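The structure under discussion appears below in the form of structure tokens.
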Amino acid sequence: MKTPSNNFRVFVSGKATDFRDLPPDIVKDIRDRVPAVLSANPILPHIAWLQQHLDTLDIEGVYEVYRRRIEDGWTPSQPTLSEWETTLANFTQRMRSGDLQTPSDPQQILNEFLISVTLKDISVFLAFSAGKDSNNNGGSKQVLMAVPRVN
């Protein structure tokens, strides 16, 4: 199975296993189960929606905001937990009100961009048990992930 950047990992009984070393019936089972679980769960479309709405300026636009802040004497620092909470609260309020415009506050723009790029480097874990459940999902479990719920 070809994957971009070789980013698809399979673990059997807790040990990393080369996909090419798996028996053909297991490979077929994985090829059948993974798309079924991912298409039945809204997590990937939700992540894509968050990425799109958190990163309204792209890197070039965010860099200009960053550059102007530096020129104005701002010193970059890691946002505090309180600042992250405020950023998410502001974003959530904006989305609930239907305001899809880029925020006016430069720090909000920078923090939303940081959240967006974090979501672009996120892992999705699926756990399967042997056998099939009543939905023919092979006893699949829920996608294990924590993503801020917005909307």
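The values are calculated or read from the model by the stated rules, or taken from the named source; none is laboratory data. None of these values were measured; they are calculated from a predicted model. All Cβ positions, even for glycine, are placed from backbone atoms using ideal geometry, and neighbour counts span all protein chains on display.
State all residues of the stretch 1-28 that are of a type outside the set (D, E, K, R), exposed (fewer than 10 other Cβ atoms within 10 Å of the Cβ) and modelled with pLDDT under 75; if no residue qualifies, say none.
Thr3, Pro4, Ser5, Asn6, Asn7
Among the residues of the stretch 87-110, which ones are hydroxyl-bearing (Ser, Thr, Tyr) and over 20 Å from the mean Cα position of the chain (by Cα)?
Passing the criteria: Ser97, Thr102, Ser104.
Of the residues Asp121, Asp105, Asp55, which is surrounded by 11 or more Cβ atoms within 10 Å (Cβ to Cβ), of a type in the set (Asp, Glu) and closer than 30 Å to Phe8 by Cα?
Asp55
Can you tell me how many residues in the stretch 43-52 are modelled with pLDDT of 85 or more and within 14 Å of Val124 (Cα to Cα)?
Residues in the stretch 43-52 being modelled with pLDDT of 85 or more and within 14 Å of Val124 (Cα to Cα): 4 in total.
Without any contact (Cβ under 8 Å) to a residue 12 or more places away in the chain and within 22 Å of the chain's Cα centre (by Cα), is that true of Asp72?
no
Table: residues versus (1) within 30 Å of Arg9 (Cα to Cα); (2) touching a Ser or Thr at 6+ places or on another chain (Cβ under 9 Å).
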| residue | (1), (2) |
| --- | --- |
| Glu71 | no, no |
| Leu81 | no, no |
| Gln93 | no, no |
| Arg96 | no, no |
| Ile109 | no, yes |
| Val117 | yes, no |
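Search the stretch 49-66 for residues being part of a helix (DSSP H, G or I) and β-branched (Val, Ile, Thr), and hand back the single one that is farthest from Thr102 (Cα to Cα).
Ranking the qualifying residues of the stretch 49-66, first place goes to Ile59.
Using the structure shown, decide if Val34 is in a helix (DSSP H, G or I) and within 18 Å of Phe125 (Cβ to Cβ).
Spelling it out, Val34 is indeed in a helix (DSSP H, G or I) and within 18 Å of Phe125 (Cβ to Cβ).
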